[in-house]
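*Asks:* Sharing a structure here in structure tokens format.
Any read-out appearing in this document is the output of simple, stated calculations on the displayed coordinates, not a laboratory observation. Treat the numbers as computed from the prediction; the structure is a model and nothing was measured. In this analysis, Cβ positions are derived from the backbone assuming ideal geometry, glycine residues included, and neighbour counts consider all displayed protein chains.
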Amino acid sequence: MRTLIFSDIHANLTALEAVLSDAGKTDQIWCLGDLVGYGPDPNECVTLIQSLPSLTCILGNHDAAAIGLLDTVSFNQDAKVSASWTTNNLTPSNIQFIKTLKPMVVKNNITLAHGSPRNPIWEYILDSYTAKINLENMKTRICFVGHTHLSSIFIYNEKSQSVDLRPLKNNEKFKLTQKTILNPGSLGQPRDNDPRAAYAILDTATGIFETHRVPYDIPSVQQRIIDAGLPERHAMRLTQGW
Ligand code: ZN
């Protein structure tokens, strides 16, 4: 099955529309959480996500904060401002949809978690040590995560019991044969100095995984962030992807 995988939309409708159009026809869609937070279009994004066919969507930490499941005490000041704006602006039916999301699911024998399989809501897999602990305790061979906003791959080497860790660029292709954790990067707020929206395609029959980046109209999103009175920093960072 041709599977579209993305994460960390962060209420960026323009990037979401660009990815859906660029990816074309797919058999199923996996969304790895953080539909909202930072961006200006939480309702538009949640409504569009809900309408997608064959969707599996999990809960991210910003989604959990938006529905009052997670305290924002550990968020930085700008993220706090944006989280409370999001809570106040989400419609009751969109809040209801977010409340139905689970923090971790298994689809096609692949684990989907926002942060990590060990701690789906909060843990960041950024280094080989954290990846190794998660890889050694995974119940499936493959796991997809988001949360760091960095497109990356962590492959477990059974012989040396070590992890090969690599950041991923546009148009990289892998056949998944070993225990692996993959992060498709962030759709709506990339932080790897490539401002284009990130997504991935997995063919579940062949195990072939491909990374993709697609440009979108960043200035229009930045204008909506400013018009909504959201922190300017969240608009500025979209230009360079940091
Ligand atoms: Zn995020």
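*Asks:* Given 10 Å bins starting at zero, what is the percent of C-alpha pairs of the chain in each, up to the one with the largest pair distance?
*Replies:* Taking every Cα pair in the chain, the percentages come to 8, 36, 38, 16, 2, 0.
*Asks:* Hey, what's the Cα Rg ratio for the range 1-95 versus the globular rule of thumb, 2.2 N^0.38 Å?
*Replies:* For the range 1-95, the normalised Cα radius of gyration comes out at 1.08.
*Asks:* On alpha carbon coordinates alone, what is the Rg over Rh value for the range 185-242, Rh being the Kirkwood radius?
*Replies:* Using only Cα positions, Rg/Rh for the range 185-242 is 1.13.
*Asks:* Please state, to two decimals, what the Cα-based radius of gyration of the range 7-54 comes to when divided by 2.2 N^0.38 Å (N = residues).
*Replies:* Rounded to two decimals, the normalised Rg is 1.06.
*Asks:* Per residue of the range 199-205, in order, report the coupling 6.51 cos²θ - 1.76 cosθ + 1.60 (Karplus, θ = phi - 60°) as ³J(HN,Hα) in whole Hz, putting x for Gly and Pro.
*Replies:* 7, 9, 10, 10, 8, 5, 6
*Asks:* Name the trypsin sites (Lys or Arg not before Pro) in the range 123-228 that are in a loop by DSSP and that have at most 14 other C-beta atoms within 10 Å, would you?
*Replies:* The qualifying sites are Lys139, Lys159, Lys169.
*Asks:* On to the next question. I'd like the distance separating the alpha-carbon centroids of the range 180-203 and the range 76-120, in whole Å.
*Replies:* 17
*Asks:* Let me ask something else. Given the DSSP H assignment, sum -39500 (n - 2.57) over each helix run of at least 4 residues in the chain and divide by its residue total; what's the result at 222 nm in deg cm²/dmol, nearest 500? Can you show the working numbers first?
*Replies:* On the way: 8 runs with 76 residues, N = 242.
The helix-only estimate for the chain comes to -9000 deg cm²/dmol at 222 nm.
*Asks:* Right, here's the next one. Within the chain, which cysteines find no other Cys whose Cβ is under 4.7 angstrom from their own?
*Replies:* Flagged as lacking a Cys partner: Cys45, Cys143.
*Asks:* Counting only other residues whose beta carbon sits under 14 Å from that of Leu69, what net charge do I get with K and R as +1, D and E as -1? Each step should come with its number before you reach the end.
*Replies:* Details: positive: Lys99, Lys102; negative: Asp34, Asp63, Asp71.
Around Leu69, the surrounding residues sum to -1.
*Asks:* Moving on. Say each of Asn108 and Gln223 gets a label point 7 Å from the Cα, pointing the same way as Cα to Cβ; how far apart are those two points in nm?
*Replies:* 3.8
*Asks:* On alpha carbon coordinates alone, what is the Rg over Rh value for the range 118-203, Rh being the Kirkwood radius? Don't jump to the answer; show the numbers that get you there.
*Replies:* Details: Rg = 12.5 Å, Rh = 13.3 Å.
With Rg and the Kirkwood Rh in hand, the quotient comes to 0.94.
*Asks:* Note down the net charge around Asn134, summing +1 for each Lys or Arg and -1 for each Asp or Glu among other residues with Cβ under 9 Å from its Cβ.
*Replies:* 0
*Asks:* Then there is this: Any idea how many Lys pairs in the chain come in under 14 angstrom at the alpha carbon, given 8 or more places apart or on separate chains?
*Replies:* On the way: Lys107/Lys139; Lys132/Lys159; Lys132/Lys179; Lys139/Lys179; Lys159/Lys179.
Going through the chain pair by pair, I get 5.
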